[in-house]
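Worksheet for the structure shown next.
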Amino acid sequence: MNATVTTMARTEDPEALIGDMGKRARAAAKKLATMSSADKAKGLMAAAKAIRADAEAIKAANAKDMANGEAKGLTSAMLDRLKLDDARIEGTAAGVEAVAKLTDPVGDIISEHTQPNGLKMRRVRIPIGVIGIIYESRPNVTADAGALCVMSGNAAILRGGSEAIESNRAVHAALVRGFKEAGLPEDAAQLVPTTDRAAVGAMLKADGLIDMIVPRGGKSLVARVQSEAKVPVLAHLDGMNHTYIDAKADPEMARQIAVNAKMRRTGVCGAMETLLIDRGFGEAKSVVQALADAGCEIRGDAEAVKLLDTAKPANDEDWDTEYLEAIVAVKFVDGVDDALEHVAGHSSGHTDVIVTSDEATARKFIDNVDSAIVMWNASSQFADGGEFGLGAEIGISTGRLHARGPVALEGLTTYKWVVLGSGQTRP
């Protein structure tokens, strides 16, 4: 039976497909775990070069996905996430190069001490093993996730959404060609070839073959993964992000941050979705007007609606909606305590911001907001691994265990204890 027929047979049986991919990923992970930082970096640099060389083919593949997406009625936010142009392809290649230049965490000694009996105890960073990434829309994740996994010594099984299948295949082909040319295992980053949703279910049940699942997508995807997974999950939940403008905020800073946080790119998970304004802030109308002038629809409480004729009354759902569109919910609050109460009741734990010149108020907000990222006087659009100096990110973890916030190389490692003795026996 030839390779094409074999692949077709496997894709018709999702569990057999994932089982085969998992075994090959495990073999690749064992090789990657012992490879030098320089060899892994060489593979990533070759992959970045291949992505640039394939730019025209990647754009052609992406054009098919964009046409299919428009025909299927994808939202403007989804189409924006899906789109690949010259700048984004260059950004993807540059992101892979950035990961190659990062410090490899594998082998780092996290801590060490010597027991009274002379035993030397060390905690040493090691790869997790095989990482399954399930994601929607963004084809750049194919390269980002593959690069991060490889540099941290892990093998990746990538399952992108059906809306980006052609783009993902083109990016993946370039990625793997670069790996192969540089001597990395070809199975270091595998792309699930089928759009059958049953393949996702097979990945979630692949305990023993996949060591961790990272979902990147909407609420329904993440909810399914968390509900069905028999594999540990590093959850990337929705970005129900708030910006609170305190009474002592600088008006011009507040305007600039609010507009950037919402309108720079409305479809990213770091976009502001709710704007909270202290009733003591005297320039509220100018901030809301600036958002409207930038093309943002305002949905607000009674006080916000009074500010602009074009504002629409918000309902209860608006305070919990990740729009990913040029829409923002606006609510007036009585000071930082009122803002903290609203954030506690509606934030998804992703990114929340305070704008103020009062350090004590800022510290109170920072200390009491239980989100993965809390910012003072900065746009929530900085919620990105690259902006944190981590290179590309595999996701922003909103959970409380293992890793929080942007997850890059260090977040894709675990550790083992290494004990160094000199003949000690336990009495």
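The values are calculated or read from the model by the stated rules, or taken from the named source; none is laboratory data. Everything quoted here is computed from the prediction, not taken from an experiment. Please note: Cβ atoms are built from the backbone with ideal geometry, for glycine as well, and neighbour counts cover all protein chains shown.
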Just name the residue that is modelled with the highest pLDDT out of those in the stretch 340-362 that are surrounded by fewer than 21 Cβ atoms within 10 Å (Cβ to Cβ) and of a type in the set (S, T, N, Q). Ser357
Residues in the stretch 407-419: is at least one small (Gly, Ala, Ser) and surrounded by 15 or more Cβ atoms within 10 Å (Cβ to Cβ)? yes
Report, ordered by the first and then the second residue, all pairs with beta carbons closer than 8 Å, sequence separation of six or more or different chains, a first member in the stretch 166-188 that is farther than 27 Å from Ala63 by Cβ and in the same structural domain as Ala57 (by TED's automatic domain parsing), and a second member that is aromatic (Phe, Trp, Tyr) and crowded, with 21+ Cβ neighbours inside 10 Å. Pro185/Phe179; Glu186/Phe179; Ala188/Phe179
Does Ala63 qualify as being farther than 16 Å from Gly267 by Cβ, surrounded by fewer than 22 Cβ atoms within 10 Å (Cβ to Cβ), without any contact (Cβ under 8 Å) to a residue 12 or more places away in the chain and not aromatic (Phe, Trp, Tyr)? yes
If I go through the stretch 229-255 residue by residue, how many of them are of a type in the set (Asp, Glu), out of contact with any strand residue (DSSP E or B) (no Cβ under 6 Å at 6 or more places or on another chain) and surrounded by 15 or more Cβ atoms within 10 Å (Cβ to Cβ)? 2
Would you say Ala329 is over 25 Å from Lys248 (Cβ atoms) and not hydroxyl-bearing (Ser, Thr, Tyr)? no
Which numbered condition trips up Ala57, out of (1) in a loop (DSSP other than H, G, I, E, B); (2) over 22 Å from Ala156 (Cα atoms)? (1)
Residue tally, condition in a loop (DSSP other than H, G, I, E, B) and more than 9 Å from Gly391 (Cβ to Cβ), over the stretch 91-108: 6
Restricting to the stretch 52-98, count the residues that are within 15 Å of Ser162 (Cβ to Cβ), over 18 Å from the mean Cα position of the chain (by Cα) and not basic (Lys, Arg). 11
Identify the residue in the stretch 227-253 that is of a type in the set (Asp, Glu) and outside any loop (DSSP other than H, G, I, E, B) and, among all such residues, is farthest from Lys285 (Cα to Cα). Glu228
In the stretch 391-406, how many residues are in contact with a helix residue (DSSP H, G or I) (Cβ under 8 Å, 6 or more places away or on another chain) and either surrounded by fewer than 15 Cβ atoms within 10 Å (Cβ to Cβ) or not acidic (Asp, Glu) (or both)? 6
Subset of the stretch 323-339, residues buried (at least 19 other Cβ atoms within 10 Å of the Cβ) and part of a loop (DSSP other than H, G, I, E, B), comes to Tyr323, Leu324
Answer from Gly282, Gly239 - the residue that is among the small types (Gly, Ala, Ser) and at pLDDT below 95: Gly239
Could you list, ordered by first residue, the pairs with Cβ atoms under 6 Å in which the first is in the stretch 324-351 and more than 24 Å from Glu387 (Cβ to Cβ) and the second is polar (S, T, N, Q) and assigned to a helix (DSSP H, G or I), at least 6 apart or interchain? Val336/Thr361; Leu340/Asn368
Go through (1) over 21 Å from Ile131 (Cβ atoms); (2) buried (at least 20 other Cβ atoms within 10 Å of the Cβ); (3) modelled with pLDDT of 95 or more; (4) of a type outside the set (Lys, Arg) for Met78 and report which single condition fails. (3)
Do we have any residue at all in the stretch 138-148 that's crowded, with 21+ Cβ neighbours inside 10 Å, in contact with a Lys or Arg (Cβ under 8 Å, 6 or more places away or on another chain) and not in a loop (DSSP other than H, G, I, E, B)? yes
Quick one: which residue in Ser167, Ser152 is buried (at least 24 other Cβ atoms within 10 Å of the Cβ) and closer than 19 Å to Ile126 by Cα? Ser152
